[in-house]
Amino acid sequence: MSFPSVRPRRLRKTAAIRDMLRENKVTVSDLIAPLFIVPGSGVRKEISSLPGQYQLSVDMLCEEAKRLQDLGVPSVLLFGIPPCKDEIGAVSYDDAGVVQQGLRALKEVTPELCLIADLCFCEYTTHGHCGVIVDGEVDNDLTLVETAKQTVSLARAGADIIAPSGMMDGMVAAIRDALDDSGFSDRIIMSYAAKFASSYYGPFREAVDSSPQFGDRRSYQMDPANGDEAMREIEEDINQGADILMVKPALAYLDIIARAKDSFSVPLAAYNVSGEYSMIKNAAQAGLVDGDAMMLETLLSIKRAGADLIITYFAAEAAKQLR
Ligand code: PBG
Ligand code: ZN
């Protein structure tokens, strides 16, 4: 059978029919909101590269988190901008660090929120790389030692999920061991398993002041050309004990999300990164596109590709539209 008996437009005729047959939906419970914590109090400073996103002191973080909780957003991903940096990023495992303070405060004021702590070193090191530098290179195994320390500090402060973003080999196993050895076998690992060396991170690096002071991240983040390698990275992280896997960025990597969903039956997250957000925001501000429509279409495309969870700076705005 084919045309004229087959007429696909019959199924698009009314809003009711379209609603009944819609294959994919973004829901508020899919969304994770990234938040940036700075020292001090009363700070709510807009990030120029990320319109509508703020650097927040812990008190303001609490306000923002309450707002997200009221909107039904189930989870936040915390990044820290510390008062000082050093060669190895030791302040990242200071129990009085900004993220640790933020975690403790949010456990009090928003107990229902799932708290995810990004685990990396680039925000905390003077050189801006994601680990310990030896002879001009990031030393993998020394970085794992530091990773274990940051893990325990974040878990102690209340992180429900540890999300390592440094792309070090063995980082998931190092975190699992550190958690299990310190009585936190209940804590979840969400691994940035397939994280590409991407130009789409530009606005984020401005937001947290984490640009590498020499070289680039291509010796640890993945080559954007590689899909098979992304599958191997994901498989390896599953074997090391990752509970949730992540692909990052999302939009230029929808094929990777789709392959990962097909190949592995694990919860899959995608990170709708800063450059993806800023492009839409700027295009909308310039009057080139309908920003709300483009936001929802973008999130839907990530969901349709196969992501179960979407980390997105649009979380609050999308939540309002989706209610
Ligand atoms: C740091 C980190 C980055 C992002 C999350 N964690 C930047 C980078 O790797 O340079 C990017 C997030 C975004 O662009 O929204 N490990
Ligand atoms: Zn990093």
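Read-outs throughout are calculated quantities, based only on the coordinates presented, and are distinct from any laboratory measurement. None of these values were measured; they are calculated from a predicted model. FYI the Cβ positions are ideal-geometry reconstructions off the backbone, even for glycines, and counts take in every protein chain you see.
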Cα-based shape type of the range 225-315, given that a ≥ b ≥ c are square roots of the gyration tensor eigenvalues and the cut on a/c is 1.5: prolate
From DSSP H assignment alone, runs of 4+ in the chain each adding -39500 (n - 2.57), the sum over residues rounded to the nearest 500 puts [θ] at 222 nm at -12000 deg cm²/dmol
To the nearest Å, what is the center-to-center distance of the range 5-39 and the range 70-114, using C-alpha atoms only? 32
Hey, quick one: spin label on Arg218, modelled 7 Å out along Cα-Cβ, who in the range 231-270 has an amide N within reach, i.e. under 18 Å? 249
Length released on extending from Leu288 to Arg304, taking residue separation times 0.36 nm less the Cα-Cα span: 3.3 nm
Sequence gap at least 6, Cα distance under 8 Å: using those rules, report the relative contact order of the range 196-323 to the nearest whole percent. 26
Prolate/oblate/rounded label for the range 23-322 (Cα gyration tensor, a/c 1.5): rounded
Of Leu296, Tyr253, Tyr313, which is farthest along the charge dipole of the chain in the positive direction, counting Lys and Arg as +1 and Asp and Glu as -1 at C-beta? Leu296
Can you tell me how much longer the chain between Leu11 and Glu63 gets when fully stretched, taken as 0.36 nm per residue apart minus their C-alpha distance, in nm with one decimal? 14.3 nm
Under 20 Å Cα to Cα from Lys25, which lysines show up? Leave out anything in the same chain fewer than 8 places away. Lys13, Lys261, Lys303, Lys320
So which DSSP H runs in the chain come out at 30 Å plus along the axis (Cα) with average Kyte-Doolittle of at least 1.6? none
